[in-house]
Amino acid sequence: MTDKEKKKCNAIIHSASVSSGMVGAGLAQVPMSDNFIITPIQIGMTIALGKVFEIEIDKSASKAIVVSQAAAITGRSASQLIAGWIPGVGNSINAATAASLTETIGWIIAKEFEKKRDKMHKEEK
């Protein structure tokens, strides 16, 4: 990954992570409600990351990529069930969980797109 690509990925992923954290904090007391907002944020992140590596991804393919990260959904659900209902504490835990999982998913996807792009370039030669 070039420095320019890394900077672009960093901006995309961090923006999505901050947005996810804000949603997670705001909706902590309503179990699973943040998934309806965080998933589209992650889908947008995935599409934007694809553009960095010149990989065309539509919304349905992006959704499949995000949904395949089942651990993220499980992690958010677990944090909400354990402490999400506690005002203040639950908001902080849910925000941190949503942001860190989005960050992790973003970098996993970026690395996979880099591998896919490199493979496509090798096949073209």
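The values are calculated or read from the model by the stated rules, or taken from the named source; none is laboratory data. Because the structure is predicted, anything quoted here is derived from the model rather than measured. As a convention, Cβ positions derive from the backbone with ideal geometry for all residues, glycine included, and neighbour counts pool all protein chains shown. Heavy atoms of the whole protein, side chains included, go into the accessibility calculation; ligands, DNA and RNA do not. Shrake-Rupley method; radii C 1.70, N 1.55, O 1.52, S 1.80 Å.
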Q: Select from the stretch 5-21 the residues that are surrounded by fewer than 16 Cβ atoms within 10 Å (Cβ to Cβ) and more than 14 Å from MET45 (Cβ to Cβ) and list them in ascending order.
A: LYS6, LYS7
Q.
Going by what's in this entry, would ILE86 be described as surrounded by fewer than 16 Cβ atoms within 10 Å (Cβ to Cβ) and either out of contact with any strand residue (DSSP E or B) (no Cβ under 9 Å at 6 or more places or on another chain) or at pLDDT 65 or above (or both)?
A. yes
Q.
Could you check the stretch 41-60 and list, in sequence order, the residues that are open to solvent by less than 10 Å² (accessible area, probe 1.4 Å) and in a helix (DSSP H, G or I)?
A. GLN42, MET45, THR46, LEU49, GLY50
Q.
Report every pair of residues separated by at least 6 positions or lying on different chains whose Cβ atoms are under 8 Å apart, first residue within the stretch 7-36 and part of a helix (DSSP H, G or I) and modelled with pLDDT of 95 or more, second open to solvent by 50 Å² or more (accessible area, probe 1.4 Å) and not polar (S, T, N, Q).
A. CYS9/MET1; CYS9/TRP107; ILE13/TRP107
Q.
Looking for something modelled with pLDDT of 90 or more, surrounded by 14 or more Cβ atoms within 10 Å (Cβ to Cβ), charged (D, E, K, R) and part of a helix (DSSP H, G or I) - is there at least one such residue anywhere in the stretch 102-110?
A. yes
Q: Examine the stretch 49-61 for a residue that is at pLDDT below 90, over 25 Å from SER92 (Cα atoms) and β-branched (Val, Ile, Thr), and state whether such a residue exists.
A: yes
